[in-house]
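Below: the structure, in structure tokens.
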Amino acid sequence: MTILGSALLAFRASMARVGFLIVGSPRSGTTLVQRLACEIPGVSVPIETHFFTRGLAIFRDRGGFPQQDSVLLGSIEEYVRIPQLEGAGVVASGIFERLHARANNALEVFDAVVSELAGDAELLGEKTPGHLPWVGRLVQARPDLRVVAVVREPRAVVASQLGVSWGQAPVDLLALRWLDDQQVVVALGAELGHRMLTLRYEDVVADPARARTLIRRTLGRNSEGGTDARVVGDELRTEAGSAVRPESPLYLPWETWKHDAGGEIRQDRVSSWAEALSTVEAERVNLVCGSLLERFGYPRPRLCWARRARLALSAPRGTRRRSRALLARRAALRDSISSVDLGIR
């Protein structure tokens, strides 16, 4: 191997790598958990990259991996222009330079993107809820990758999604999305064991300090040199309800639905779904998600057959057809993810 080749390998070995992922259904509290992770000294989790849901296809359409020089730069320039990164201020040349003008696989680009957005940090994390179906594939490619999954009571998730413009859908379909997401979480937990932490949103807001400690332990942030003392200080400050300002922003200015995650942590949002859902809607959500409610410690209402029949009849016309289509699309997505070439050899 040439001296230049050895230097390049040494450079790549020193590049910052994403060490953990935060995933969960949209509106389940992933931004709050992102904030708590960023309060741990040496940890940084930037804005959502949407890399595997929106960016990877760009690189694949341009010939896949490896990519280098002008082809790679063109792919990066197209990626940073996706609507989901509007206002992020990320510069394509910065990512390109971090890659040293060559990307052998998708994970190298992912690392460079997160590094560019997060800045210098001892441990990098990434949070995009849509990456949940990708986690199984990514942990196979990177065995040391850790995962923090966030679960929230389905009625609260559905109510919260109905409150944003991009979440509008029939209640039954939103509930089915929750069920399908949590089935993925259960399967990942069985596969990853100690490499994965599952947090309930309700437990996080009830005791943020304990949630942060669990995150810290899962990420292996138990080093000496004053780290624990600083974490204790952060916990006390958070318990007092002060706002947190991490080095890199948690979200973009136009993501207004995330703004509450940076302020006082309040428990009253746990039951706020009751004001947004009718009794029938709340019961239909429980009916759809019932098989996994107890799995995550949520009470499962017992409904007689007559009530179940009335709830089914109250669903909007076409719900069954749309539900089958939703599950088919999600199954097809998982199949496609399993066969995507990430360029890892």
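Bear in mind that the values in this text are calculations on the coordinates, not laboratory data. On a predicted model such as this, the values are computed, not experimentally measured, just so you know. Quick reminder, even Gly has a Cβ in these numbers, built from the backbone with ideal geometry, and neighbours come from all protein chains shown.
Overview of values
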| quantity | calculated |
| --- | --- |
| Cβ-derived FRET efficiency at R0 45 Å, CYS304 paired with ALA101, nearest 0.05 | 0.10 |
| Residue with peak Gaussian network fluctuation, the chain [Cα springs, cutoff 10 Å], from TYR298, TYR251, TYR201 | TYR298 |
| Residues with amide H under 5 Å from that of LYS127, placed H, sequence gap 5 or more | ILE22, THR49 |
| Full-stretch length increase - GLN267, ASP335 - with 0.36 nm per residue and alpha-carbon distance subtracted | 20.6 nm |
| Vicinal HN-Hα couplings computed from phi for the stretch 314-321 (Karplus, 6.51 cos²θ - 1.76 cosθ + 1.60; Hz; Gly/Pro x) | 7, 5, x, 4, x, 5, 4, 5 |
| Under Karplus coefficients 6.51, -1.76 and 1.60, residue-wise ³J(HN,Hα) of the stretch 193-202 in Hz, glycine/proline x | x, 5, 6, 10, 10, 10, 10, 8, 4, 4 |
| Residue among ALA261, ALA16, ALA332 with the largest mean-square fluctuation in a Gaussian network model of the chain, springs linking Cα atoms under 10 Å | ALA332 |
| Mean projection area, nm², convex hull over Cα of the stretch 248-307 | 6.4 nm² |
| FRET E, pair ARG320, GLU86, Förster distance 41 Å, beta-carbon r, rounded to 0.05 | 0.65 |
| GNM result for the chain, Cα springs below 10 Å: residue of ILE58, ILE22, ILE95 fluctuating most strongly | ILE58 |
| Vicinal HN-Hα couplings computed from phi for the stretch 101-111 (Karplus, 6.51 cos²θ - 1.76 cosθ + 1.60; Hz; Gly/Pro x) | 6, 8, 10, 7, 7, 5, 5, 5, 5, 4, 4 |
| Relative contact order (%) - the chain, alpha-carbon pairs under 8 angstrom, separation at least six | 26 percent |
| Förster-model FRET efficiency, 51 Å R0, GLU122 and ALA328, C-beta, rounded to 0.05 | 0.75 |
| For THR198, residues with placed amide H under 5 Å, excluding near neighbours | ALA149 |
| Placed amide H near ASP207: partners under 5 Å, 5+ positions off or other chain | none |
| Ranked VAL148, VAL280, VAL158, criterion: other C-beta atoms within 10 Å, fewest first | VAL280, VAL148, VAL158 |
